[in-house]
Amino acid sequence: MLCDIFNTVGPLASIRVCRDSLTRRSLGYAYVNFHSVVDAERALDTLNNHPLGGKPCRIMWSQRDPSIRKTGVGNIFIKNLTLAIGHKELYDTFSAFGNILSCKVALDEHGKSKGYGFVHFENQQCADHAVQMVNNNILLDKKVYVGPFIPRRVRAQQAEKSWTNVFIKDIDLAISDAELHQAFSQFGLVTSAVIMKKKDDGSSLGFGFVNFQDHESAGKAVDGMHQQKLGNKVLYCCRAQKRAERDAKLRKEWEQLKISKYQGINLYIKNIEDEIDEERLRKEFSAFGVIKSCKIMLDEKKYLQRIWFCLLQYSRGVSACHCRDEQPYLAWMSKTALRCHARAKGSKETKVDSQRL
């Protein structure tokens, strides 16, 4: 399909669709190499945002240097977009300010716009000019915000030092908005204090929000009112978070809990022979202790993955350590099978980075 589409522009040197190394499924992007630079420029002009498999494809120059993408230089963020603005409309709007490396409108699972997007310019001067000219202007009957792109990690760090909204739960149902405002005003200037209420009868739901003028006052309020009694109930106070932030925090806590729970009792074994099954593994490793689970990783076609590995879990960490230290390389296999403690993905990446240093 890609070959037929891009051959209409000019003769091709090669096309490569990037795929997952294990499942061989497409990763959603590809590289197209033309014999002529003129043909490549024509493809960029005529086929960008062309419908491909029901989705508009985005075409950009291949960037061999990953630092161009990762540094964020020349990258801007646009929000409050109307749903009618897609990749092409966004590209046409901002192409007047300079050469665009990539342009994207965020889409949901149904292919509809989420109301925000990103434009990456060739240099920072073009990006600054675009922010200056388009920010707070009207695009298709809506005022849009345009500003420099800030990575999620940096935004999280900034939010930790600038939040002003306090979430309070376990509020006595008899407490009113005015009483909540009065209780928290001792810590600083309160801009709003609201207790959430039911839609049908207007009764209190037992939680609410207090917003302060500055971050310092909000921090003092959390420290001063958390686990303090107001009315007949003890309050719970913390920084108000968006659902995505709460989900990320809970996910991180759950991953840490799993790591601590199974630390030292999971063994990772790789280079397993094709003839070795789970029953044989259980038999050989049961000499070191009681095995809770033994699993050889298989692909979708029920064949061993290329890296040939399994996970073995003991009921006690002592047994796992004994098994690991006794014979780190298995003599009863013709292949050299290595075993070690299983590690979470994040901890493996951290170890690899430390070894590179």
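General observations
- Among the residues of the range 96-116, the ones that are touching a Lys or Arg at 6+ places or on another chain (Cβ under 8 Å) and part of a loop (DSSP other than H, G, I, E, B) come to 2 in all.
- Selected residue (only one of L22, L27 is outside the structural domain of K143 (by TED's automatic domain parsing) and under 24 Å from S113 (Cα atoms)): L27
- The condition of being in contact with a Phe, Trp or Tyr (Cβ under 6 Å, 6 or more places away or on another chain) and in the same structural domain as E179 (by TED's automatic domain parsing) holds for only one of K220, K197, that being K220.
- Within the range 90-108, if we keep just the residues that are touching a residue at least 24 places away in the same chain (Cβ under 8 Å) and out of contact with any helix residue (DSSP H, G or I) (no Cβ under 8 Å at 6 or more places or on another chain), the residue that is nearest to F121 (Cα to Cα) turns out to be S102.
Results for (1) of a type in the set (S, T, N, Q); (2) part of a strand (DSSP E or B), shown as yes or no for each residue.
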position	(1), (2)
Q157	yes, no
F167	no, yes
E179	no, no
Q186	yes, no
M196	no, yes
F209	no, yes
S217	yes, no
Q227	yes, no
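- Conditions (1) part of a loop (DSSP other than H, G, I, E, B); (2) over 30 Å from A84 (Cα atoms): number failed by I150: (2)
- Residues that are in a strand (DSSP E or B), aliphatic (A, V, I, L, M) and surrounded by 14 or more Cβ atoms within 10 Å (Cβ to Cβ) within the range 117-143 comprise V119, L139, listed in sequence order.
- Identity of the residue in the range 61-95, within 19 Å of the chain's Cα centre (by Cα) and in a loop (DSSP other than H, G, I, E, B), that ends up surrounded by the fewest Cβ atoms within 10 Å (Cβ to Cβ): P66
- Count - residues of the range 157-175 that are surrounded by 13 or more Cβ atoms within 10 Å (Cβ to Cβ) and polar (S, T, N, Q): 2
- Any hit, the range 37-60, residues being of a type in the set (S, T, Y), assigned to a helix (DSSP H, G or I) and at pLDDT below 80: no
- Candidate set: the range 99-127, residues that are more than 23 Å from the chain's Cα centre (by Cα) and modelled with pLDDT of 90 or more; chosen: the one farthest from G54 (Cα to Cα): Q125
- Applying a threshold of 7 Å to beta carbon distances and a minimum spacing of six or more residues, or different chains, the list of pairs starting in the range 238-260 at a residue that is in contact (Cβ under 8 Å) with a residue 40 or more places away in the chain and ending at one that is in a helix (DSSP H, G or I) reads C238/V222; R239/V222.
- Residue-level analysis places T23 outside the set of residues that are hydroxyl-bearing (S, T, Y) and farther than 27 Å from H110 by Cα.
The values are calculated or read from the model by the stated rules, or taken from the named source; none is laboratory data. What you see is a predicted model, and the numbers here were worked out from it, not measured in a lab. As a convention, Cβ positions derive from the backbone with ideal geometry for all residues, glycine included, and neighbour counts pool all protein chains shown.
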